[in-house]
Amino acid sequence: MADPDTLHRRGLMFILSSPSGAGKTTIARKLLAEEGTDLKLSVSVTTRPMRPGEVEGQDYYFVDRAEFDRLVEADAFYEWAEVFGHCYGTPKAQIREKLKRGEDFLFDIDWQGTQQLYQRAQGDVVRVFLLPPSIAALEQRLRSRNTDSDDVIAARMARARSEIGHWDAYDYVVINDDIDACYAKVKTILEAERMRRLRQTGLIDFVRELTR
Ligand code: 5GP
């Protein structure tokens with residue numbers, strides 16, 4: 001008898017977006033830790049300087065502008081965008097093949113990147129947006145990071161307001177009032193999306209066998 005959990009399935013592209021400071025990174029890290037090899041982070045390429053604690057190849061691939069431009073020319077990105085004067089891009093390498101093999105990827109990208117990714121890979125994409133419980137909570141979280149100057153925080157708050165305005169371009173919206181509750185909801189979305197009929201490519205043979 002076939003084990004339904006081992007049937008072949010197409011992988012998905014799980015996009016998590018939120019205004020900066022709404023807890024997206026915490027949720028993403030928790031998901032990756034718990035999912036292990038079942039969910040891999042798509043690591044973006046950026047021209048932004050490395051922040052303390054960041055690791056090359058884990059948080060981002062850090063490159064200079066010339067190298068970034070070369071990658072754009074070589075059509076190496078699903079999408080790319082310029083944010084605060086730095087460039088960010090999602091590399092195509094390997095993801096396409098791995099989706100076919102049933103591997104799932106997590107994307108931590110903004111709404112512009114989401115829109116572009118959706119245009120290129122609609123059927124594989126699941127879009128989740130996290131909202132802060134309030135603007136005050138968002139600013140508090142940004143300040144408690146202690147990594148950015150007042151000017152940068154003011155710019156990030158302005159950008160956060162405009163990011164929030166794109167909430168309606170997502171499939172799911174979760175308000176991150178409590179990190180554990182938010183995490184549980186995001187995980188439920190991931191699990192349900194894995195069971196979508198169209199992703200379960202192994203069902204055709206399975207059902208044929210059942211009805212023989
Ligand atoms: P940060 O510099 O704080 O790590 O990221 C700044 C912004 O760039 C965040 O909103 C983040 O989601 C976005 N970002 C990171 N990687 C990518 C990417 O590959 N593509 C796009 N479009 N945005 C990205």
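The values are calculated or read from the model by the stated rules, or taken from the named source; none is laboratory data. Everything numeric in this text was worked out from a predicted model, so none of it was measured. Note: ideal-geometry Cβ built from the backbone for every residue, glycine included; neighbour counts use all protein chains shown. To get the accessible areas, we keep the full protein, side chains included, count just its heavy atoms, and leave off ligands, DNA and RNA. Shrake-Rupley method; radii C 1.70, N 1.55, O 1.52, S 1.80 Å.
Spread over its residues, the convex hull of the C-alpha atoms of region 54-174 is 133 Å³ per residue. Shown here is the pair-distance distribution of the chain: with all Cα-Cα distances grouped in 10 Å bins from zero up to the longest one, the shares run 8, 31, 36, 18, 6, 2, 0 percent. For region 12-106, the share of accessible area belonging to carbon and sulfur comes to 51 percent (1.4 Å probe, ligands and nucleic acids excluded). In degrees, nearest 10, range 0 to 90: what is the angle between the Cα axis of helix 150-164 and the longest Cα principal axis of the chain? It is inclined by approximately 40 degrees. Full extension of the chain segment joining residue 97 with residue 189 gains 30.8 nm, where the gain is 0.36 nm per residue of separation less the Cα-Cα distance.
Subtracting the Cα-Cα distance of residue 168 and residue 66 from 0.36 nm times their residue separation leaves 33.2 nm of extension gain. Spin-label pair residue 181-residue 76: with each label point 7 Å from Cα along the Cα-Cβ axis, the two points sit 4.4 nm from one another. The count of lysine pairs in the chain whose Cα atoms are under 24 Å apart, excluding pairs fewer than 8 places apart on the same chain, comes to 16.
In the context of the full set of protein chains, residues of region 1-77 present 53 Å² of accessible surface per residue (probe radius 1.4 Å, heavy atoms only). Helix 24-35 axis versus longest C-alpha principal axis of the chain: approximately 30°, rounded to the nearest ten. For a modelled paramagnetic label at residue 25, 7 Å from Cα along Cα-to-Cβ, the residues of region 116-147 in reach, with backbone nitrogen under 13 Å, are 141-147. Once the Cα atoms are used to define both axes, helix 111-121 deviates from the longest principal axis of the chain by about 30 degrees. Taking Cα centre as origin and charging only the Cβ of basic (Lys, Arg, +1) and acidic (Asp, Glu, -1) residues, the dipole magnitude of region 73-212 rounds to 620 debye. Descending by average beta-carbon neighbour count within 10 Å, the peptides 140-149, 162-171, 8-17 line up as 8-17, 162-171, 140-149, the highest first.
Relative to the Cα centre, the charge distribution of region 4-105, modelled as +1 at Lys and Arg Cβ and -1 at Asp and Glu Cβ, gives a dipole magnitude of about 260 debye. Counting Lys and Arg as +1 and Asp and Glu as -1 over every other residue whose Cβ lies under 14 Å from the Cβ of residue 50, the net charge comes to -2.
As a rough guide to protection, the peptides 111-119, 33-41 ranked by mean Cβ packing within 10 Å, highest first, stand as 111-119, 33-41. Each helix, a run of at least 4 DSSP H residues, gives -39500 (n - 2.57); summed and divided by the residues of the chain, these come to -12500 deg cm²/dmol at 222 nm.
Of all DSSP bridge pairs formed entirely within region 1-139, close to 35 percent run antiparallel.
Roughly how many percent of the accessible protein surface of region 144-212 is carbon and sulfur, given a 1.4 Å probe and a whole-percent answer? It is 54 percent, rounded to a whole number.
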